[in-house]
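Asker: So that we are looking at the same thing, I have put the structure below in structure tokens.
All of the numbers you see were taken from the coordinates with simple rules; none came from a lab. Just so we're clear, the structure is a prediction, and the values are computed from it rather than from any experiment. All Cβ positions, even for glycine, are placed from backbone atoms using ideal geometry, and neighbour counts span all protein chains on display.
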Amino acid sequence: MADSNSRNKKSKSQHPAKGSAHGTSAWGDVIRNSSDTHRLFVFAGGIGGVALLLSVALGMGDFKRFQYSYLVAFMWTLSISLGGLWWVTLQHLVNAKWSIVVRRVGELIAANIGLMAILSLPIVVPAILGNSELYLWVDSHRMLEDHALHHKSAYLNVTFFAIRVVVYFGFWFLLSQHFLKSSLKQDGESADTQTVRLRRLAGPAMMGVALTLTFAAVDFLMSLNPMWFSTIFGVYYLAGCVLAIHASLALTLLWLQKRGALVKTVSQEHFHDIGKMMFAFTIFWAYIAFSQFMLIWYANIPEETHWYLVRAENGWLKVTWFQLIGHFMLPFAFLLSRHMKRNRTALALAALWVLFVHYVDMYWLVMPTAFVEGPELHILDLTCWVALTGIFVAAVAYRARGVNLVAVGDPRLETSLAFENV
Amino acid sequence: MSEMHHKKPESQEDAPLFGLLAEYSTPGELILASRKVRDAGYTRWDTFTPFPVHGIDNAMGIKMTRLPWLVLGAALTGLSLAVWLQWWTNAVDYPWIISGKPFWSVPANVPIMFELTVLFAGITAMVGMLVMNGLPQPAHPLDLSRRFARATDDKFFLLVEARDPRFDEQSTRSLLEKSHPAALEDVPEDRTTSAQIPTGLIYGLIVLTAVAVVPFALFAKARVTKSRNTRIHAIADMDSQPKFKAQRENLVFADGRSMREPVAGTVAQGQLRDDDALYLGKVNGAWVRTFPSQVTPSAELMDRGEQRFGIYCTPCHGQSGEGNGMVHLRASKLGQGWVPPSNIHQQYIREQPVGQLFNTITHGIRSMPAYGPQIPVEDRWAIILYVRALQKSRAANLGELTAEQRQNLK
């Protein structure tokens, strides 16, 4: 990062768009904010660290509960990062111009995937050490004894799981770092070399992201109930990822603008587009969630329906109804009008709500496995969420210190700055 | 357009001015010019571009369209119609149990609800857009301008109409000139194109409408008339497929049968059943009294027999073989003439050789149908093993028990 910064300074004189030492761009906007991002890093990191210690202390007493609460929070934060990686890949793939002014923030969020690899250890290590409280399939004897499961042990076994986790995080880490580094490098260039190169990479990268994301969703979430299977499950998780990244982008940009950065860079038009994507993927999520439900409901095969049966009985039925109303109907109606997407307060509310219902969605996917009778809220749910979110935000803020918050070297920047929806 | 002329009412010469047309080379220039015209307070003017130009609405001062409200209304109409249609057809008009679901199952209706919502919204958006824009417009004075043809290619145009209340030939012209157009042109009224709709088009539409009604008229007729004729086959080769069905006539062969015998002297793979004890239950014309050598009585075979007995035999013979199964109970109650299934615990059945029981299962007896085609040979023997066990459970001799078993009886 220091390397690209020095390159920035060198090129300032030759390239008018690169901005001054105070992080001011050619169009007179603040495009760096080291002091506020540093404060955020210290603040979020502090809270996250304390919450993590608290979670560990509480988890000593009830390790099973810790694992479940941690998995919910982990899949939630992972989805923001993964959504970011998917989103950045998509922008390169389709040669998107509107998003150039927003893309750097997406790249910074996507680059958190390395951190997520470390944060996955409380899930992965116990499984490798043979703790089957979370993932039943870790117990190979149980798998082999069960007629419906022993065929799956070729895939669901600890060794192959460990290999897959390394492959997923390795691929995500390399790809996200590559996107961020190439983009930072371009800040100091005036050519479209990186743009063309990344666009060529984006096609194969998208296939890789799609496959790894699908299998990761299967491994971390679907395999909680090894008997159950749904081929659309990866897409379901992707829908959540895409919602999460757009909500996060909106909130991050609104926060940056409140702190005086990017005020003249990111306009109502860009927020409108982020809102549109949030709206579209609210429908997409419902479409996928319902597709999964309807086929299973219609076919009515016991090994498939039991997954929904648990969620349609006792305390979980309320959460399932909440999914339909809170995750689809409310945000759909709320974001339908263009005025809502162009209003910053309304968009911020929608983004917060989307992140909340996405958390409920993760809770609904994970918890019924262990707590059949209904949701049993636990203090660990809160501490794990605060810990992971705090650390996540701190890492993004840390990465954002001292770098341009806009890809100033992108040749399509001017188009993006002047972007209008109508 | 000139081919469609029916008459040339007047000459194009000295036609009054329709408007002033300014041509620009870039969308940026057009937007700047539009702002000027907008700020000057004109209302009857328009711009023409080869592709959508972002920001032109604002530059022209066009207010937000009301079309979204129409679309929303249409979407809700489509949604309600889909709910009503499926509720009425599934639960009211023709209630029919499908997969054991309730007559009106909302999850199954959601795809149609989605489709009709999108269909109504989509069609309304398109038709509404056309109508609100005053389209289609078969003729327009601009069609006569050669220069204007490039509006679909690479030029950007701005037209101020003469009927605008603020229009003044001199001042409007100078306003447009200030925006530095690449060209400025007078557009005269169209005096050559007939305002009448061509008669051919009218008759064509009438014929088309009449033809379009025919299928609906046929549907309506078919709903109210009874006919001995076969119904209309909309997709003939789906209704009567060119294939030979079992038990049907086939004129290709001399014997007229569509099901073919194996070629004389041949046996299909796996069909050589030359072990009479196993496949027929008899040896040299006499029923076998012991299980064939391929069948070894065991606990697994007994379990299998119990399971198969439960599936195939209990409906008539009952759980314990007394001939009181559900089918029997129901048939007796209906009292329409019913040969009751045998109680397998009767003396004469207990004394039947296993081969004869095998034969009964395979070919049926009295009103009992043949189960040979349904139950594989192994399973038939398994059932017989279980039947023997059932029989023994009612009629075992004290002498057959071991000392220990006798002890347990006391």
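Asker: Any idea what Rg and Dmax come out to for the stretch B:259-332 if you just take the C-alpha atoms, in Å?
Answerer: 17.7, 48
Asker: Okay, next question. Scan chain B and report its longest stretch carrying no chymotrypsin sites (Phe, Trp or Tyr not before Pro) that are both in a DSSP loop and have at most 16 other Cβ atoms within 10 Å.
Answerer: Values: sites that count: B:Trp96, B:Phe103, B:Trp104, B:Phe244, B:Phe253, B:Trp338.
The reported range is B:105-243.
Asker: A follow-up question, please. Return P(r) of chain A (all Cα-Cα pairs; 10 Å bins starting at 0; whole %; ordered from short to long distances).
Answerer: The distribution over chain A is 4, 21, 31, 25, 12, 5, 1, 0, given as percents.
Asker: Another question, then. Kirkwood Rh, chain B, all Cα pairs: how many Å?
Answerer: Value: 32.5 Å, from the Cα pair sum.
Asker: Follow-up question, since we're still on this one. Can you work out D for the stretch B:60-187 in µm² s⁻¹ from Stokes-Einstein, where Rh is the Kirkwood radius over C-alpha pairs, the temperature is 37 °C and the viscosity is 0.692 mPa s?
Answerer: On the way: Rh = 19.6 Å.
The diffusion coefficient I find is 167 µm²/s.
Asker: Compute the acute angle (0 to 90°) between the alpha-carbon long axis of helix A:34-61 and the principal axis of greatest extent of the alpha-carbon atoms of chain A; round to the nearest 10°.
Answerer: For A:34-61 against chain A, the angle is about 10 degrees.
Asker: Compute the Rg/Rh shape ratio of the stretch A:183-282: radius of gyration over Kirkwood radius, all on alpha-carbon atoms.
Answerer: Working: Rg = 17.9 Å, Rh = 16.5 Å.
Ratio of gyration radius to Kirkwood radius for the stretch A:183-282: 1.08.
Asker: Distance in nm between label sites at A:Gln177 and B:Gln241, each 7 Å beyond Cα in the beta-carbon direction?
Answerer: So the two model labels end up 5.9 nm from each other.
Asker: Hey, another quick one. How high is the relative contact order of chain A, given as a whole-number percent (alpha carbon pairs under 8 Å, six or more residues apart)? Write down the numbers at each step before the final one.
Answerer: Details: 582 pairs, mean separation 144.9, N = 422.
Result for chain A is 34 percent.
Asker: Give me, ordered by chain and number, the residues 5 or more places off B:Gly19 or on other chains with an amide H under 5 Å from its own placed amide H.
Answerer: Counting only residues 5 or more places away or on other chains, the set is B:Ala162, B:Val187.
Asker: Could you check the simple spin-label distance between B:Glu306 and A:Ser132, using points 7 Å along Cα→Cβ, in nm with one decimal?
Answerer: Placing both labels 7 Å beyond Cα along the Cβ direction yields 2.9 nm.
Asker: Now for a different question. List the GluC sites (Glu not before Pro) in the stretch B:334-410 that DSSP assigns to loop (not H, G, I, E or B) and whose Cβ has at most 13 other Cβ atoms within 10 Å. Which are they?
Answerer: Working: sites: B:Glu351, B:Glu378, B:Glu400, B:Glu404; in loops: B:Glu351.
Answer by residue number: B:Glu351.
Asker: Right, here's the next one. Given the rule -39500 (n - 2.57) for each run of at least 4 DSSP H residues, summed and divided by the residues of the protein assembly as shown, what is its mean residue ellipticity at 222 nm, to the nearest 500 deg cm²/dmol? Write down the numbers at each step before the final one.
Answerer: Values: 33 runs with 468 residues, N = 832.
Taken over the protein assembly as shown, the calculation gives -18000 deg cm²/dmol.
Asker: Before anything else, pin down the relative contact order of the stretch B:306-385: Cα pairs under 8 Å, at least 6 apart, normalised by residue count, whole percent.
Answerer: Details: 76 pairs, mean separation 19.2, N = 80.
RCO, the stretch B:306-385: 24 percent.
Asker: Helix B:377-395 versus the longest principal axis of chain B: what angle, 0 to 90°, nearest 10, using Cα atoms?
Answerer: Here the helix axis deviates by roughly 50 degrees.
Asker: Using only Cα atoms, find the angle between the long axis of helix B:299-308 and the longest principal axis of chain B, and express it within 0 to 90 degrees, rounded to the nearest 10.
Answerer: 60 degrees
Asker: Given the options B:Arg150, B:Arg330, B:Arg228, which has the most mean-square fluctuation in a GNM of chain B, springs set between C-alpha atoms less than 10 angstrom apart?
Answerer: B:Arg330
Asker: In this model, which of A:Lys64/B:Lys101; A:Lys341/B:Lys36; A:Lys97/A:Lys276; A:Lys181/A:Lys264 are farther than 27 Å apart at the alpha-carbon? Walk me through the intermediate numbers first.
Answerer: On the way: A:Lys64/B:Lys101 39 Å; A:Lys341/B:Lys36 30 Å; A:Lys97/A:Lys276 16 Å; A:Lys181/A:Lys264 25 Å.
The pairs that break the limit, which is 27 Å between Cα atoms, are A:Lys64/B:Lys101; A:Lys341/B:Lys36.
Asker: Here's another thing I want to ask about it. Mind checking the mean number of beta-carbon atoms from other chains within 10 Å of the Cβ atoms in B:59-69?
Answerer: Values: counts 0, 0, 0, 1, 0, 3, 1, 0, 0, 3, 0.
Counting Cβ atoms of other protein chains within 10 Å of each residue's Cβ and averaging gives 1.
Asker: Continuing with this model, one more query. Using alpha-carbon positions, what is the distance between the centroids of the stretch B:208-283 and the stretch A:243-294, in Å?
Answerer: When both Cα centres are located, 58 Å separates them.
Asker: Once the Cβ-Cβ distance between B:Thr65 and A:Lys276 is put in as r, and R0 is 22 Å, what FRET efficiency do you end up with, to the nearest 0.05? Before the final figure, lay out each step's value.
Answerer: Values: r = 17 Å, r/R0 = 0.78.
The computed FRET efficiency comes out at 0.80.
Asker: Now for a different question. Translational diffusion coefficient, Stokes-Einstein: compute it for the protein assembly as shown using the Kirkwood radius over C-alpha pairs as Rh, at 37 °C and 0.692 mPa s, and state it as an integer in µm² s⁻¹.
Answerer: Working: Rh = 35.1 Å.
Once the numbers are plugged in, D ends up at 94 µm²/s.
Asker: Let me ask something else about it. Count, for each residue of A:284-294, the Cβ atoms from other chains sitting within 10 Å of its Cβ, then give me the mean as a whole number.
Answerer: Partner-chain Cβ atoms within 10 Å, mean over residues of A:284-294: 1.
Asker: In addition: How large is log10 of I(q)/I(0) for the stretch A:261-329 at q = 0.24, 0.26, 0.29 Å⁻¹ when the intensity is taken from the Debye formula with one equal scatterer per alpha-carbon?
Answerer: Each listed q maps to, in turn, -1.06, -1.13, -1.21.
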